[in-house]
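First up is the structure itself, then whatever we jot down about it.
The numbers here are math on the coordinates, done by the rules we state, and not lab data. Owing to the predicted nature of the structure, the values given are computational and were not obtained by experimental measurement. Here the Cβ is made from the backbone with ideal geometry for all residues, glycine too, and neighbour counts use every protein chain on show.
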Ligand SMILES: [Zn+2]
């Protein structure tokens, strides 16, 4: 017996385990705020928008707040104050009146394009690449377009040259014509 009688490992889910923070407002916040005015007041002190808490208690998912910096819309989400229309664009799910998916996601590329990319990834995983050696520079051009570059003299070993900051890459290219030649061989427009 290493524990006192009646001790528990897990906390039972009770109302007050939802803390009165307004960062993310969920349906459990709504239920508690409807039942407990102290909780509601605590939530109001956490947010700039009293209308957000009114909307939460009414069961709405949006309210009128500050205009969005990006699109100028004043409609905001109760859940996290995010701009309603910008969030809709980021996650374009259209629901019908019964909360079912009304519109499917649109394909971003054709079946052939998708399979070509998948094939390139498979070939890359299998080790298929085109090797280039110029001076003390060596490089591998992979089917997905990734360009890995190594140079012992300058202690360069990058698995993906496209992740190198552009200004840095420009300076390197000015000082090392071999690198520019490698980039041309890989199909970069330099
Ligand atoms: Zn917006």
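Between residue 170 and residue 94, the contour length at 0.36 nm per residue exceeds the Cα-Cα span by 22.9 nm. Taken as Cα centroids, segment 72-94 and segment 35-59 sit 20 Å apart, rounded to the nearest whole angstrom.
Both numbers refer to the Cα atoms of the chain; Rg and Dmax are 28.0, 76 Å. The C-alpha atoms of the chain define a longest principal axis, and helix 37-46 lies at about 30 degrees to it. Note on 190, 132: ascending count of other Cβ atoms within 10 Å places them as 190, 132, the fewest first. Cα convex hull, segment 128-185: 77 Å³ per residue, rounded to a whole number. Computed over the Cα atoms of segment 15-103, pair by distinct pair, the Kirkwood hydrodynamic radius stands at 13.9 angstrom.
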